[in-house]
């Protein structure tokens with residue numbers, strides 16, 4: 001039996017060597033831990049979805065205030081509301097981007113079949129998780145800690161899979177892959193933003209601002 005087979009799933013009647021290995025390895029077999037990581041990610045995605053819904057509703061309210069201010073030729077209020085709307089959309093982009101990243105990582109978790117798959121899939125994923133942790137924490141309370149727990153789970157899986165399979169970790173290649181994942185996630189998040197949020201009536205706002213400044 002290969003190292004991968006022994007550690008991917010517990011044997012129904014493990015031998016002494018397997019029992020010893022399990023007793024000195026508190027992390028346990030790999031398959032349940034992949035499932036655990038996937039569950040953690042899905043839980044975080046659900047929280048992100050709730051935040052996206054709240055931000056979308058807030059965006060709608062502020063957008064209407066901007067439009068109403070422009071109709072009243074109130075450039076000052078329109079400017080203030082527009083700035084507030086910009087901040088809301090920055091937060092929306094952060095959470096949408098994080099959602100796409102987590103969805104992509106979860107997809108990787110559900111398609112691994114060998115130790116080598118775990119190493120090649122999770123090495124860049126760990127770097128990506130770290131990159132979204134701080135930004136997401138500024139929008140969702142507690143998210144930074146929860147993302148940290150996901151990162152710890154994935155890091156543990158990565159190290160154990162590399163050790164068991166005798167794989168070396170190519171961080172240079174992983175960093176390049178991480179950048180590709182982030183770039184793709186950013187593009188997808190940007191497209192989702194365009195589909196969900198209407199553009200500000202910029203030309204009208206600009207003309208109102210110019211008229212106000214000339215008075």
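Taking only the stretch 174-192 into account, find how many residues are surrounded by 15 or more Cβ atoms within 10 Å (Cβ to Cβ) and modelled with pLDDT of 65 or more. Write out each step before concluding.
If we filter the stretch 174-192 for residues that are surrounded by 15 or more Cβ atoms within 10 Å (Cβ to Cβ), which is where we start, we get 174, 177-178, 181-182, 185-186, 188-189, 192.
Narrowing the set further to residues that are modelled with pLDDT of 65 or more leaves 177-178, 181-182, 185-186, 188-189, 192.
So the answer is 9.
Is it true that residue 37 is part of a helix (DSSP H, G or I), farther than 30 Å from residue 199 by Cα and at pLDDT below 85? Walk me through how you get there before you give the answer.
Values: part of a helix (DSSP H, G or I): yes; farther than 30 Å from residue 199 by Cα: yes; at pLDDT below 85: no.
Spelling it out, it is not the case that residue 37 is part of a helix (DSSP H, G or I), farther than 30 Å from residue 199 by Cα and at pLDDT below 85.
Within the group 171, 167, which residue is farther than 13 Å from residue 97 by Cα, at pLDDT below 85 and under 24 Å from the mean Cα position of the chain (by Cα)?
171
Looking at (1) at pLDDT 90 or above; (2) part of a helix (DSSP H, G or I); (3) touching a helix residue (DSSP H, G or I) at 6+ places or on another chain (Cβ under 9 Å), find the lone condition where residue 86 falls short.
With (1) at pLDDT 90 or above; (2) part of a helix (DSSP H, G or I); (3) touching a helix residue (DSSP H, G or I) at 6+ places or on another chain (Cβ under 9 Å) applied to residue 86, the lone miss is (3).
Can you find, within the stretch 63-83, the residue that is nearest to the chain's Cα centre (by Cα) among those that are without any contact (Cβ under 8 Å) to a residue 40 or more places away in the chain and either loosely packed, with under 14 Cβ neighbours inside 10 Å or closer than 20 Å to residue 190 by Cβ (or both)?
Across the stretch 63-83, the extreme among qualifying residues is 83.
Hey, among the residues in the stretch 132-151 that are in contact (Cβ under 8 Å) with a residue 12 or more places away in the chain and closer than 13 Å to residue 40 by Cα, which one's nearest to the chain's Cα centre (by Cα)? Walk me through it before giving the result.
The first filter runs over the stretch 132-151 and keeps only residues in contact (Cβ under 8 Å) with a residue 12 or more places away in the chain, leaving 132-133, 135-136, 138-140, 143, 146-151.
With the extra rule that they be closer than 13 Å to residue 40 by Cα, the set shrinks to 143, 146-151.
Working: 143: 10, 146: 12, 147: 9, 148: 12, 149: 13, 150: 11, 151: 11 Å.
Going through the qualifying residues, I end up with 147.
Could you tell me whether residue 119 is at pLDDT below 80, assigned to a helix (DSSP H, G or I) and more than 30 Å from residue 66 (Cβ to Cβ)? Lay out the reasoning, then the answer.
Values: at pLDDT below 80: yes; assigned to a helix (DSSP H, G or I): yes; more than 30 Å from residue 66 (Cβ to Cβ): yes.
It is true that residue 119 is at pLDDT below 80, assigned to a helix (DSSP H, G or I) and more than 30 Å from residue 66 (Cβ to Cβ).
Taking the condition of being on the phi < 0 side of the Ramachandran plot and either in a loop (DSSP other than H, G, I, E, B) or buried (at least 22 other Cβ atoms within 10 Å of the Cβ) (or both), how many residues in the stretch 127-143 meet it? Write out each step before concluding.
Step one: list which residues in the stretch 127-143 are on the phi < 0 side of the Ramachandran plot, which gives 127-141, 143.
Of the ones still in play, those that are also either in a loop (DSSP other than H, G, I, E, B) or buried (at least 22 other Cβ atoms within 10 Å of the Cβ) (or both) are 128-129, 132, 136, 138-141, 143.
Total satisfying the criteria: 9.
(1) in contact with a helix residue (DSSP H, G or I) (Cβ under 7 Å, 6 or more places away or on another chain); (2) under 12 Å from residue 42 (Cα atoms): which one isn't true of residue 121, the others all being true?
Unmet condition: (2).
State whether the residues of the stretch 106-113 include one that is closer than 26 Å to residue 159 by Cα, touching a helix residue (DSSP H, G or I) at 6+ places or on another chain (Cβ under 6 Å) and in a loop (DSSP other than H, G, I, E, B).
Going through the stretch 106-113, the residues closer than 26 Å to residue 159 by Cα turn out to be 106-113.
Those left that are additionally touching a helix residue (DSSP H, G or I) at 6+ places or on another chain (Cβ under 6 Å): 106, 108-109, 112.
The next check asks that each one be in a loop (DSSP other than H, G, I, E, B); those that pass are 112.
Checked the stretch 106-113: at least one residue is closer than 26 Å to residue 159 by Cα, touching a helix residue (DSSP H, G or I) at 6+ places or on another chain (Cβ under 6 Å) and in a loop (DSSP other than H, G, I, E, B).
Has the stretch 44-60 got at least one residue that is part of a helix (DSSP H, G or I), free of Cβ contacts under 8 Å to residues at least 24 places away in the same chain and over 22 Å from residue 190 (Cβ atoms)?
If we filter the stretch 44-60 for residues that are part of a helix (DSSP H, G or I), which is where we start, we get 44-60.
Next, from what is left, pick out any that are free of Cβ contacts under 8 Å to residues at least 24 places away in the same chain: 46, 50, 53-54, 57, 60.
Then drop every residue that is not over 22 Å from residue 190 (Cβ atoms), which leaves 46.
Yes, the conditions are met somewhere in the stretch 44-60.
The values are calculated or read from the model by the stated rules, or taken from the named source; none is laboratory data. As the structure is a computational prediction, the values presented were derived from the model and not from experiment. FYI the Cβ positions are ideal-geometry reconstructions off the backbone, even for glycines, and counts take in every protein chain you see.
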